[in-house]
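Right, one structure below, let's go through it.
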Amino acid sequence: QVQLVESGGGLVQAGGSLRLSCAASGPTFSRYTLGWLRQAPGKGREFVAAIVGIGEITAYKDSVKCRFTISRDNAKNMLYLQMNALKPEDTAVYSCAATQKTSYFRDSAYDYWGQGTQVTVSS
């Protein structure tokens with residue numbers, strides 16, 4: 001069982017930055033692939049980024065490549081999402097999630113979820 005708690009969301013102007021954190025509990029944290037997914041108002045949840053193992057494999061949604069960076073610290077059971085050059089279309093509730101499946105692009109692949117943190121980008 002993995003429990004996840006996000007923090008770091010907030011209101012920021014377009015072009016600004018935010019760093020999301022996700023604290024995880026559980027003795028086998030390093031065995032999980034971790035992801036960030038988001039859900040904007042009136043839209044379905046979408047994949048943002050994922051990181052496998054100790055970070056040797058990362059994947060990003062095309063629209064956030066070169067702006068967002070996912071990282072993890074397995075010693076501290078922490079997951080991060082550094083978001084730079086934020087745009088109004090990045091406004092959403094961001095959730096961290098964990099899976100042991102090999103697929104990580106679909107939200108249905110994830111077994112454990114945090115409660116989500118709101119990110120609002122004003123124009």
(request) Would you please name the residue that is nearest to THR117 (Cα to Cα), looking only at residues in the stretch 18-44 that are within 12 Å of the chain's Cα centre (by Cα) and of a type in the set (D, E, K, R)? (result) ARG38
(request) Go through the residues of the stretch 60-82 one by one and say whether even a single one is touching a helix residue (DSSP H, G or I) at 6+ places or on another chain (Cβ under 7 Å) and open to solvent by less than 30 Å² (accessible area, probe 1.4 Å). (result) no
(message) I'd like the full set of residues that are over 26 Å from LYS87 (Cα atoms), open to solvent by less than 50 Å² (accessible area, probe 1.4 Å) and outside any strand (DSSP E or B), limited to the stretch 8-54.
(response) GLY26, THR28, PHE29, TYR32, GLY53
(request) Mind listing whichever residues of the stretch 99-108 are more than 12 Å from the chain's Cα centre (by Cα), outside any loop (DSSP other than H, G, I, E, B) and in contact (Cβ under 8 Å) with a residue 60 or more places away in the chain? (result) THR99
(message) Looking only at the stretch 83-98, how many residues end up being within 14 Å of LEU20 (Cβ to Cβ), open to solvent by 40 Å² or more (accessible area, probe 1.4 Å) and not in a strand (DSSP E or B)?
(response) 1
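The values are calculated or read from the model by the stated rules, or taken from the named source; none is laboratory data. In this text, all values refer to a predicted model and were calculated from it rather than measured experimentally. Here Cβ is always computed from backbone atoms with ideal geometry, including for glycine, and neighbour counts include all displayed protein chains. In case anyone asks, the SASA skips ligands and DNA or RNA and just uses the protein heavy atoms, side chains included. Shrake-Rupley method; radii C 1.70, N 1.55, O 1.52, S 1.80 Å.
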